[in-house]
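Working notes, beginning with the structure itself.
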Amino acid sequence: MAGPSWDTSRYLTLFSGEATEHLEALGKDVVSLEKGATVALIDSMFRHAHSVKGMAASMAFEGTAKLAHLLEDLLGTLRADVARSNASVADVILQTVDSLSGHVKAAAANEPLPDSTALMTRLSELNASMTGRPATPTAPSPAPVVETAPPPPKSTSAAPPASNPAAPPRFSVKLKINPASNQPGVRGFLAYKRLGTLGNVFDLKPPLDDIKAGRVPQGTITLELETDQTEDAITRTMRTVADVELESIAAIVKAAPVVAAPAEVDPNRVVGQEPARTIRVRTEVMDQFLDQAGELLLATSRVRELSRGMPAAQRPPLDEAVDRLHLLVKGLHDKVMQARMTPIAVITDRLPRAARDIARRRNRDVDLVITGEDIELDRAIVDELADPVLHLLRNAIDHGLEPTEERTAANKPPKGKVTIAVRRLRDRVVFELSDDGRGIDVERVKVLVVERGLLTRDQVTALTERETLMLVCLPGFSTAADVTDISGRGVGMDAVRRAVEQVGGTLEIETRAGRGTSFRLSLPLTVAVVNLLLVGVGDEVYGLPIGKVSGVVETARDRLAMSQNAPVLQFGQSVLPVHELSALLEVPGDARTAALVPFVVVDGDDGRLALAVDRLLGQQEVVLKGLSKPLDLVPGLAGVTILGNGQPVFILDVARLVTA
Amino acid sequence: MAKKVLVVDDSVFMRDIIKDIFAAGGFTVVGEAGNGVEAVEKYKELKPDLVTMDLVMPYRNGIDATREILRGDNKALVVMCSALGQETMVMEAIEAGAVDFIVKPPRAEDVLAVVKKVLGEA
């Protein structure tokens with residue numbers, strides 16, 4: 001790459017100051033890394049290394065940039081699997097940070113940069129050993145394109161045009177990427193996307209995946225564009241893309257319709273490959289679509305509410321019309337929901353590889369069996385589940401399965417087995433991940449919880465086995481007596497539980513000593529509709545997700561028992577802490593004179609608790625809307641909805657509300 | 001009138017370089033932001049003709065910020081600033097609606113060529 005085209009000396013002070021700051025911060029991060037690797041931490045390190053690289057390259061300090069680049073590569077690998085971090089990796093990172101600091105100091109003093117070839121080789125080799133890819137030679141070369149999950153099937157609308165006489169005109173287009181372009185693949189992709197805004201692209205050569213990977217022989221791309229736009233408009237559009245020339249464009253004269261045998265589908269055709277007609281839609285459009293369908297539902301309820309105020313004689317025809325409208329809107333909403341459904345395979349397809357990697361590093365032998373991966377869930381839920389599921393898998397292999405010798409001694413097959421079974425259960429999807437390992441030692445969990453000061457001995461004694469198992473989801477808990485580099489250090493299960501609950505799901509754990517552990521996620525099919533218990537506090541109305549409500553007890557405040565100077569509520573066999581919802585929300589409640597007060601028993605992070613409210617207003621199925629800024633920053637609010645009477649209602653995230 | 005540009009990068013150093021390039025090229029840099037959150041706010045406030053957006057930043061990365069900016073203004077022109085090795089991220093940004101990209105270290109002639117194309121001035 002050519003050097004910068006300006007006088008860099010002017011920037012030298014700024015460079016050395018800012019690069020030093022980044023390297024110091026990076027050094028601090030390495031120390032934290034030794035205490036426990038998290039994605040956020042690696043992300044931060046990656047950003048620092050990345051900044052140093054960019055600055056050094058801009059100053060034409062190529063050795064410095066290359067060293068920072070190799071560090072960035074290593075951090076990129078770590079970020080993909082933080083469990084790979086260990087003391088020797090941290091050592092190498094620290095050494096690189098020191099070396100980079102040396103570079104910056106030398107640069108600031110106008111001295112020659114130190115030679116870091118040995119360290120560069122070490123970094124490449126380490127990274128190669130972690131990715132299983134051959135080490136890139138330390139000659140300055142662009143980094144390989146980051147490996148990503150295979151893209152979702154790309155297919156677009158439109159039956160083959162030949163069979164459709166009404167299809168818009170087609171143009172044969174030839175593009176040429178400037179050979180001097182730094183990233184020809186991205187250039188080609190950009191041109192393809194830009195043309196895609198005008199119509200449908202067919203017969204793309206080379207195929208899109210090759211273009212994205214930068215495999216564009218002679219920089220030439222040919223395609224056919226089916227569009228209503230004029231040749232002139234296409235030319236103008238291409239003129240806005242830098243570094244890509246429109247070499248030629250010609251309208252295609254339609255051939256007589258030929259019915260092609262289905263087997264003769266051109267493998268290079270990007271669109272219209274599938275016999276089933278599909279259309280590619282951006283996710284955001286689907287989100288907006290759902291949003292509007294939800295608004296329509298709300299607006300319909302509002303009309304229904306208003307009709308109640310009409311004179312009785314006018315009501316029947318109006319009600320009938322509203323019923324019909326509601327039916328149509330509900331149908332539309334359902335269709336939108338259906339369109340958002342994505343097979344869970346999007347997540348599970350990556351797991352066999354992950355399982356192999358984790359198992360190999362722990363010297364375990366594992367069989368991963370996945371069933372039901374074609375079951376579909378709302379895209380938003382599938383997206384949220386990716387990390388939690390990977391974490392559960394890691395836990396199962398790392399902590400669940402015993403080492404081979406231990407298994408043989410226990411008369412178990414030497415090869416451990418992890419099963420992922422996904423199935424539909426009425427309107428829920430059950431995702432179950434089980435191992436045939438040693439099981440969770442319930443008594444040990446109790447001891448650890450007390451040792452770590454998370455609960456008192458008395459609290460623990462009262463717990464059932466099921467409740468005890470859920471304690472592994474407490475923040476800051478880890479059962480791993482042997483803390484390993486694979487499963488992290490106790491971060492995780494609380495995040496798993498939170499993610500699952502965030503999408504309206506529940507997590508259950510079952511274990512049998514010596515036989516294995518099962519994590520069962522029960523998930524809603526969609527996120528957007530929730531069942532609420534509506535409660536009143538003063539003049540306000542709030543919604544509590546029904547899934548979180550265990551029951552309601554009506555009693556007088558002065559009949560509550562006291563424990564450690566705080567009121568508690570007797571609920572079944574247990575005694576629950578009482579919170580005034582008005583105090584948590586800092587809104588004025590009713591004067592506390594009412595004889596009987598409803599106490600709603602809800603599940604918090606640390607077990608159940610009772611919320612004192614002023615009134616119960618009933619149960620309602622509502623369309624949940626996310627909060628926009630700045631409301632999304634308020635802890636304790638999970639979303640908002642609009643009731644039939646037009647009143648907006650906040651939906652509470654009880655666990656956060658209490659801890660906030 | 002000179003076109004208004006918002007420069008987003010978490011590095012002051014990099015922002016200075018890019019700002020100088022724009023100043024020399026006859027553009028007005030109306031604002032700068034050091035992270036994705038700030039970028040979205042500044043965009044709404046300053047309504048620039050064009051944004052240059054770093055990919056890797058704290059709080060909110062350039063792709064998310066781009067998506068958010070476009071959600072508020074679907075005509076927004078966002079040009080990504082990427083480094084070699086970030087091809088996948090750049091393509092993701094293009095999917096998210098970025099109109100073009102420049103490669104770091106930024107060379108004045110490349111930056112101005114891309115930006116002028118995007119603005120339809122070339």
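Entry note, the range A:370-422: relative contact order of 59 percent, from Cα contacts under 8 Å with a spacing of 6+ residues.
Remark: relative contact order (the range A:343-524) = 25 percent; criterion is Cα-Cα distance under 8 angstrom and separation of 6 or more residues. Projecting label points 7 angstrom from Cα along Cα→Cβ for residue A:363 and residue A:328 puts them 7.0 nm apart. Loop-located trypsin sites (Lys or Arg not before Pro) in the range B:30-84 (DSSP state other than H, G, I, E, B) with a sparse environment of at most 14 neighbouring Cβ atoms within 10 Å: B:75.
Stretching the chain fully between residue A:13 and residue A:320 yields a gain of 102.9 nm (0.36 nm per residue, less the alpha carbon separation). Normalised by 2.2 N^0.38 Å, where N is the number of residues, the C-alpha radius of gyration of the protein assembly as shown stands at 1.08. Extending 7 Å from Cα along the Cβ direction at residue A:539 and again at residue A:106 yields two label points whose distance is 7.1 nm.
Select from A:93, A:54, A:27 the residue farthest towards the positive end of the dipole of the range A:8-131; place +1 on Cβ of Lys and Arg, -1 on Cβ of Asp and Glu, and compute about the Cα centre. The listed residue farthest towards the positive side: A:54.
For the range A:283-340, the solvent-accessible area works out to 64 Å² per residue, with a probe of 1.4 Å and every protein chain left in place.
In vacuo Debye scattering of the range A:165-254, one point per C-alpha: log10 I(q)/I(0) at q = 0.13, 0.25 Å⁻¹? Log10 I(q)/I(0), no solvent term: -0.37, -1.30.
Shielding of peptide B:74-86 by partners, expressed as the average count of other chain Cβ atoms within 10 Å per residue Cβ, is 4.
What is the range A:529-659 by shape, rounded, prolate or oblate, if you read a ≥ b ≥ c off the alpha carbon gyration tensor as root eigenvalues and call it rounded for a/c under 1.5, prolate for a/b larger than b/c, and oblate otherwise?
It comes out prolate by the Cα gyration axes.
When a/c reaches 1.5 or more, the comparison of a/b and b/c decides; with that in mind, is the range B:4-118 rounded, prolate or oblate per its Cα gyration tensor? Rounded shape, in that the Cα axes give a/c under 1.5. Among the listed pairs A:28/B:4; A:193/B:104; A:176/B:19, which are separated by more than 27 Å between their Cα atoms? Violating the 27 Å Cα-Cα cut-off are A:28/B:4; A:176/B:19. The fraction of accessible area contributed by carbon and sulfur in the protein assembly as shown is 53 percent, rounded to a whole number (1.4 Å probe; ligands and nucleic acids excluded). The rule of thumb for compact globular proteins, 2.2 N^0.38 Å, goes into the C-alpha radius of gyration of the range A:531-595 1.20 times. Note on residue A:105: aspartates and glutamates with a C-alpha under 16 Å away, same-chain residues under 8 apart excluded, are A:18, A:21, A:24, A:62, A:115. Oblate is the label for the range A:343-524, because the ratio a/c of its alpha-carbon gyration tensor axes (a ≥ b ≥ c) is 1.5 or higher and a/b is not greater than b/c.
A straight Cα-to-Cα reach below 15 Å connects residue A:446 with the aspartates and glutamates A:458, A:465, A:467, A:606, residues fewer than 8 places away in its own chain not being considered.
Checking every one of the GluC sites (Glu not before Pro) in the range A:534-642 against DSSP loop status and a limit of 11 other Cβ atoms within 10 Å picks out A:586.
Using the average count of surrounding beta-carbon atoms within 10 Å as a protection proxy, the listed peptides A:227-240, A:391-404, B:12-25 rank, highest first, as A:391-404, B:12-25, A:227-240. Working from Cα pairs under 8 Å separated by at least six residues, relative contact order for the range A:8-131 is 30 percent.
Assuming charge only on the beta carbon of Lys and Arg (+1) and of Asp and Glu (-1), the dipole of the protein assembly as shown about its Cα centre is about 1020 debye to the nearest 20. DSSP finds beta bridges in the protein assembly as shown, and of those with both partners inside it, around 75 percent are antiparallel.
The values are calculated or read from the model by the stated rules, or taken from the named source; none is laboratory data. Bear in mind the structure is a predicted one, so any value in this text is a computation, not a measurement. Cβ atoms come from the backbone with ideal geometry, glycine included; neighbour counts cover every protein chain shown. In case anyone asks, the SASA skips ligands and DNA or RNA and just uses the protein heavy atoms, side chains included. Shrake-Rupley method; radii C 1.70, N 1.55, O 1.52, S 1.80 Å.
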